[in-house]
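Participant: Sharing a structure here in C-alpha cells format.
Where a number appears in this text, it was derived from the coordinates with a stated rule and is not lab data. Note that this is a predicted model, so its numbers are computed, not measured. Please note: Cβ atoms are built from the backbone with ideal geometry, for glycine as well, and neighbour counts cover all protein chains shown.
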Amino acid sequence: MHIFNMFKVKKEERWLAFVMLAVFLTFNMLLIISHYHVYTMGAHGGFWSIFTKNFRMSGYDNWSWITISGMRIHFITSRHPLYLTFLYPLYLLNHWLIEVFGYNFAVYFMAIVIVLSAFYAVLFAYRIYREVMGLRKFDSTLLTLLLFSFGHVLIPSMVPDHFIVSMMLLLMTLYITGKKMKKGELLTAWQSFFLAFFTAGMATSNGAKTFLAGLFANRRKFFTWKYIGIGVVFPCLLLVGIQQSQYYLLEVPQKSVISNIEKVKRQKDPKGVDEFYKKRNAWQKSHLGQTMSTASIFDWLNTSTPRTTTLIENFFGESIQLHQRHLLKDVAWDRPVFVTYNWLINYVIEAIMVLLFVFGITLAWRKRFFQMLLLWFACDITLHLILGFGITEVYIMAAGWIFIIPIAYGYLVKGLSRKYRHLLRGLLLMITLFLWIYNGGLIVSYLLNT
C-alpha cells in the first residue's frame, strides 16, 4: 500500500469526505468566533490567562494553543512525547507572525491540524467498513456518519487537543493492518516503526495498540529480531530520546521561569495565592478525590468512583449523548462527576446501542480483525475502568476506543438475514439522525452562547 495513495480521496468517498469537511470547518469556525477577539490577541506572556479563562469544553485542554502562542508547555510530555515536536514549528511561524502583525494565528494553525485529522479519520473509518469488512457503500457511509455523531467524537473534531489526531492515527493503523490480514500479507518492520512512532508519539498508551496490531497481522513472525528491533524497540528508544531532549532543552528552563513568576506572585499577594489553591484543592478533593498536586501517575488512578454509574452516565452515556444539564462543563471546575439526562429517550437509546454492541460482539468475536480490536478495547477498559485513570472524565478518552461500536454493528449487519438487516439499517439510520440533531444542536447552542 503506497503511503501517498492512502491519503488520496477516492471517487466514491468524495461526497461523504467533503460534506464532513464542511461540518468540521463549520464547528471549528464557530469555536474560534465564540471568543474571536480574545483568542487572536497578540499578547506577550499572557496567553495562559487568555485561553484558560475563555475556553472550557468538557475538560479538553487548550495547551496546544498556549504552546503555539508562547512556547509554554503545560501538558505532560512523557505521555505525549512527539506532541511538542509537532507543535514547535507552528510556534516558530506564529511567533514571527505575532511580531510582524501583532495578531495571534495559533487558533487557526491548530484548527487546520484538527480539521485535517478529522477529515482523514472519516476516510479511514469508511475504508475499514468498506475495504476491510466488505460492507456495502450505504452501510459504510451510515456507520461512518454514526461514529461522528457521537458526542465525544464530534467535540474532539473542533477542540485544540490531541484526541482527534490520535483517533486518526489509530484508525489508520486499523485500516493498514486490516488490509494486511485480509490479503494475508505481513506488516513490515519499518511499517511498524512508523505506525508505533506516530501513534505512541501522540499518546504513549497507543503504542500498545500498535504492537498488538503487529502481533495479530504477523502472528509468530512478529517475534523476529528484525521486527522487534526495528518495529518495537527502535521507535520506543527514539521517542524516549526526543522527550528527554525536549525536557532538558525546553521544560527545565521553563520550570525555572514559572517558579520565579509564582514566587513573585506569592510575595505580592500571599493571601490571594493561598486562597486560590485552597479553593481549587477543595473542589478537586471533593469531586475527584485528588488535589492539584499530582506527583506521579499513581495520583491519577482512582478506585472510589462508582463503576456502574460511570458506565451508564459517562462511559457509554456522555461519550455518545451529551447531557443537557452542565453542558460541556469541566469536572475539574464546575461539573459534577455524574449528571443524569433530562429525557428518558436518552437512556432508551443508550440501552439499544449497548445491546446492539453486545450482539455485534457475539457475531464478530471469531474474526481475527475484531479479536485484535477487542484486545484494544480491553486495554482501555483496564486503564480507565479497572485502574481508574481519568475515570472522572472518562468520556474525553472516547475517541481512542469508541470506533469499536460501529465496527461491531457492521459485523451485525453482515451476520443478519435480509429481513432483520433492513430493520437494523432503519434503526441505525434513526439513531444517527437523532444523534446529529441532538449533539450537534447542543454544541452549536453552547458555542453561540459562551
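Participant: Return the distance in nm (one decimal) between the two label points of a simple spin-label model at residue 88 and residue 307, each offset 7 Å from Cα along Cα→Cβ.
Facilitator: 4.2
Participant: Moving on to the next point. For the range 66-81, just list the computed ³J(HN,Hα) in residue order, Karplus coefficients 6.51, -1.76 and 1.60, θ = phi - 60°, integers in Hz, with x standing in for Gly and Pro.
Facilitator: With coefficients 6.51, -1.76 and 1.60, one gets 5, 5, 5, 6, x, 6, 9, 9, 10, 8, 8, 5, 5, 8, 9, x Hz.
Participant: Specify the inter-centroid distance of the range 1-64 and the range 95-160, based on alpha-carbon positions, in whole Å.
Facilitator: Rounded to whole Å, the Cα centres lie 9 Å apart.
Participant: Can you figure out the FRET efficiency of residue 448 with residue 8, using R₀ = 56 Å and their beta-carbon distance, to the nearest 0.05?
Facilitator: The pair residue 448/residue 8 has a calculated efficiency of 0.95.
Participant: Within the range 183-229, report the chymotrypsin sites (Phe, Trp or Tyr not before Pro) that DSSP leaves as loop and that have at most 11 other Cβ atoms within 10 Å.
Facilitator: 223
Participant: Give me D for the range 137-183 in µm² s⁻¹, whole number, from Stokes-Einstein with Rh from the Kirkwood sum over alpha-carbon pairs, 37 °C and 0.692 mPa s.
Facilitator: Here the translational diffusion coefficient equals 273 µm²/s.
Participant: Could you tell me what % of all Cα pairs in the range 318-399 have separations over 16 Å?
Facilitator: 64
Participant: Over all alpha-carbon pairs of the range 307-448, lay out the pair-distance distribution in 10 Å bins, whole %, shortest bin first.
Facilitator: Reading the bins upward from 0: 11, 38, 35, 15, 2.
Participant: List the pairs from 8/221; 182/367; 137/179 whose alpha-carbon separation is above 20 Å, in the order I gave them.
Facilitator: In this structure, 8/221 lie more than 20 Å apart at Cα.
Participant: What angle do you read, to the nearest 10 degrees and between 0 and 90, between the alpha-carbon axis of helix 189-202 and the longest principal axis of the chain?
Facilitator: With rounding to tens, the tilt is 40 degrees.
Participant: What is the gain in length, in nm to one decimal, between residue 131 and residue 249 on full extension, counting 0.36 nm per residue of separation less the C-alpha to C-alpha distance?
Facilitator: Once the chain is fully extended between residue 131 and residue 249, it gains 38.0 nm.
Participant: Can I ask one more? Among 402, 349, 76, which comes first, second and so on when ranked by fewest other beta-carbon atoms within 10 Å?
Facilitator: Result, fewest neighbours first: 76, 349, 402.
Participant: May I pose another question? Take the Cβ-Cβ distance between residue 37 and residue 433 as r, set R0 to 25 Å, and report the resulting FRET efficiency rounded to the nearest 0.05.
Facilitator: 0.10
Participant: Next up: Over all alpha-carbon pairs of the chain, lay out the pair-distance distribution in 20 Å bins, whole %, shortest bin first.
Facilitator: Over the chain, the share of Cα pairs per 20 Å bin runs 23, 59, 17, 1 percent.
Participant: Hey, another quick one. Which of the chymotrypsin sites (Phe, Trp or Tyr not before Pro) found in the range 113-155 are in a DSSP loop and have at most 15 neighbouring Cβ atoms, other than their own, within 10 Å?
Facilitator: none
Participant: With axes computed from alpha carbons, what is the tilt in degrees of helix 404-415 against the longest principal axis of the chain, rounded to the nearest 10 within 0 to 90?
Facilitator: So the helix axis and the longest Cα principal axis differ by about 10 degrees.
Participant: Which loop trypsin sites (Lys or Arg not before Pro) in the range 363-447, with loop taken from DSSP, have no more than 14 other Cβ atoms within 10 angstrom of their Cβ?
Facilitator: Those that pass, being in a loop and sparsely packed, are 366.
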